[in-house]
1. Evaluate the stretch 4-19: report whether one residue or more is open to solvent by 20 Å² or more (accessible area, probe 1.4 Å), closer than 23 Å to P156 by Cα, touching a Cys at 6+ places or on another chain (Cβ under 8 Å) and at pLDDT 80 or above.
2. Condition first: part of a loop (DSSP other than H, G, I, E, B), under 19 Å from the mean Cα position of the chain (by Cα) and either at pLDDT 90 or above or exposed (fewer than 14 other Cβ atoms within 10 Å of the Cβ) (or both). Now tell me which residues in the stretch 46-64 satisfy that.
3. Quick one: in the stretch 70-117, which of the residues that are of a type in the set (D, E) and assigned to a helix (DSSP H, G or I) is nearest to P47 (Cα to Cα)?
4. When residues of the stretch 141-172 are filtered for being surrounded by 17 or more Cβ atoms within 10 Å (Cβ to Cβ) and free of Cβ contacts under 8 Å to residues at least 12 places away in the same chain, how many remain?
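The values are calculated or read from the model by the stated rules, or taken from the named source; none is laboratory data. Small disclaimer: the values here were computed from a predicted structure and weren't measured. Cβ sites come from the backbone with ideal geometry, for glycine too, and all protein chains shown count toward neighbours. Accessible surface is based on the protein model in full, side chains and every heavy atom, while ligands, DNA and RNA are left aside. Shrake-Rupley method; radii C 1.70, N 1.55, O 1.52, S 1.80 Å.
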Amino acid sequence: MKVTGSKYLTEILYKSYQQNQEGNIDETLFARLVMSAEGNTGSSTDPAAQVWSDYLNWKAAQPERVLPNSKGATEENIAYLREHFSGELDLFQRLDAAGTMMEMGIVSREELMEALGLGKLELRSVPMDSKGIVCTGTVENSRYMPAWSSFFAYAPVMQCDSLEDLFKLLDEQLKNSEEKDAAQEIKDVLEQVARKSFGAAWAML
């Protein structure tokens with residue numbers, strides 16, 4: 001996750017997480033970090049709730065988007081997502097892309113929150129060379145920082161820094177839910193878009 005202006009508590013704590021791999025953060029410093037955040041209306045003791053709150057505050061400051069009229073995993077919607085969420089995405093951009101999929105009717109809010117790890121966080125076993133892991137240990141000297149360390153290291157949303165990674169994450173979630181048809185629908189549309197792009201590129205040769 002990129003750290004930009006360190007305005008939101010999520011960004012401030014992520015920066016601290018990166019800089020304090022030996023656990024040298026105490027409760028006094030944690031409290032100062034919380035107080036330094038602007039517009040802090042979430043819950044600093046609950047990473048998932050705080051991250052979502054910070055995202056909503058960030059989102060409110062962004063220009064309003066006009067989404068396509070179609071609903072579901074249509075070619076139009078997939079093309080829109082790829083146009084507006086290309087390259088490496090920071091945490092809020094990942095949430096924005098996923099939230100846009102929810103607005104488009106591709107996934108439900110429950111599926112979205114569960115897939116991203118913003119519901120009840122379940123620690124998952126991941127390879128230590130995974131892109132999302134940047135710390136070799138947890139920050140343990142504060143009462144609340146271990147929860148944040150676990151979130152930054154293991155939450156699914158921290159493991160995917162591109163739109164394609166998000167597609168894979170949500171596809172996996174949909175396959176495990178009752179909406180298996182929705183997962184196949186997304187897969188079919190992605191394959192159709194890929195075939196059309198390949199056909200257009202071949203025609204130009």
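1. Checked the stretch 4-19: at least one residue is open to solvent by 20 Å² or more (accessible area, probe 1.4 Å), closer than 23 Å to P156 by Cα, touching a Cys at 6+ places or on another chain (Cβ under 8 Å) and at pLDDT 80 or above.
2. Residues satisfying the conditions are A61, Q62.
3. Here the residue is E114.
4. Here the count works out to 1.
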